[in-house]
Amino acid sequence: MMVSLALDSAALAETYDRVSDRQFNHGKLLIEDLQVSQGERVLDVGCGTGRLGAHVAELVGPSGEVVGVDPLPLRVALANSKRGSSFRATVGRAEDLSQFADGSFDVVFLNSVLHWLPEKLGPLREARRVLKRGGRLGISSAAKERPHEVERVLEDVLSSLGLNRTAEASGSTPHKVTSDELTSLLVQAGFPQPKLQIRTFTDHFTDTDDVMAFNLASSFGNFLSNFAPADAERVRAALEAELERRRAPEGIRLQRHLIFAAARADG
Ligand SMILES: C[S@@+](CC[C@H](N)C(=O)[O-])C[C@H]1O[C@@H](n2cnc3c(N)ncnc32)[C@H](O)[C@@H]1O
């Protein structure tokens, strides 16, 4: 599918800021892997509403700096509206980091962003360019070899309804890579010997509306956006039946699997 950057709204941006504990929590693991320390200069590519960036700003302290870029102006505005944070966000895209000088960052990270990018090599080369020699890159991304459980459920629902679309083409992590593909892209982009692992997370949702709201806000309006309203309603109803079968005492239980990659820029 074509990912649209024109479907975001103030309501979706605010919802994302509220419901993105999942991205925030796995993002903190990514930052731990990168061992970000005081005084470092960090670039957060696809920073969204800036929750993780603000956390990293605390780690680098007043002698460091965290800059975020994101193509969605409403999310950038929300990120910048948070007081008391030394994190600053600007509108921009992973494909074009020309607003930043060569070799100007110690750390670059993309948390839950890579699977939104139709082409990866350009953005990874840009990350390499803005990093210092030996600088660290961290990525968390949906894994093509192990899709999120909600995507597999959606896949079954779409085929049972006879809707000729894949879950990937319905705005749920549309541009995933496998671990092998990501390893090879990283090597090509100037990050020799990347370290990759898949981590699994178990989420609980109150109900189907909670699942829908999370996916809609996380996809900045793309989730199921390519269906006519009547078909989207059929998908939602069928999804609800499947999701309710996964209800545990804590809520609807769904697993997510993410590739975590960490690499150093070559010298
Ligand atoms: C699921 S959100 C993750 C936001 C944030 N990194 C976090 O951890 O909460 C995905 C983000 O990727 C951004 N994105 C989409 N296309 C992008 C691109 N071409 N370059 C940079 N960011 C992009 C979206 O605007 C959105 O904010």
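Values in this text are rule-based calculations from the coordinates and carry no lab data. In this text the structure is predicted, and so the values were computed from the model without any measurement. Every residue, glycine among them, receives a Cβ derived from its backbone with ideal geometry; neighbour counts consider all protein chains shown.
Which pairs, out of Lys28/Lys195; Lys82/Lys120; Lys28/Lys132; Lys120/Lys144; Lys144/Lys195, put more than 21 Å between their alpha-carbon atoms?
Working: Lys28/Lys195 17 Å; Lys82/Lys120 30 Å; Lys28/Lys132 23 Å; Lys120/Lys144 14 Å; Lys144/Lys195 17 Å.
Result: Lys82/Lys120; Lys28/Lys132 exceed 21 Å.
Using modelled amide H (1.01 Å from N, peptide plane; none on Pro or chain starts), what sits under 5 Å from the amide H of Leu97, excluding residues fewer than 5 places away?
Correct list: empty.
Any idea what angle helix 208-218 forms with the longest principal axis of the chain, computed on alpha-carbon atoms, 0 to 90 degrees, nearest 10?
Compared with the principal axis, the helix lies near 30 degrees.
Relative contact order for region 10-264: what is it in percent, counting Cα pairs under 8 Å that are at least 6 residues apart?
Working: 481 pairs, mean separation 52.6, N = 255.
This gives 21 percent for region 10-264.
Return Ile198, Ile252 ranked ascending by Cβ neighbour count within 10 Å, so the fewest neighbours appear first.
The order, fewest Cβ neighbours first, is Ile198, Ile252.
Hey, can you grab everything whose amide H is under 5 Å from the amide H of Arg41? Only 5+ residues off in sequence or another chain; H modelled, so Pro and N-termini drop out.
Result for Arg41 returns Glu65, Asp106, Val107.
Using θ = phi - 60° and the Karplus form 6.51 cos²θ - 1.76 cosθ + 1.60, what ³J(HN,Hα) does each residue of region 21-26 get, whole Hz, x for Gly and Pro?
Per-residue couplings from phi come out as 4, 5, 5, 4, 5, 6 Hz.
Taking neighbour Cβ counts within 10 Å as the exposure measure, how do Val107, Val60 sort from fewest upward?
Val60, Val107
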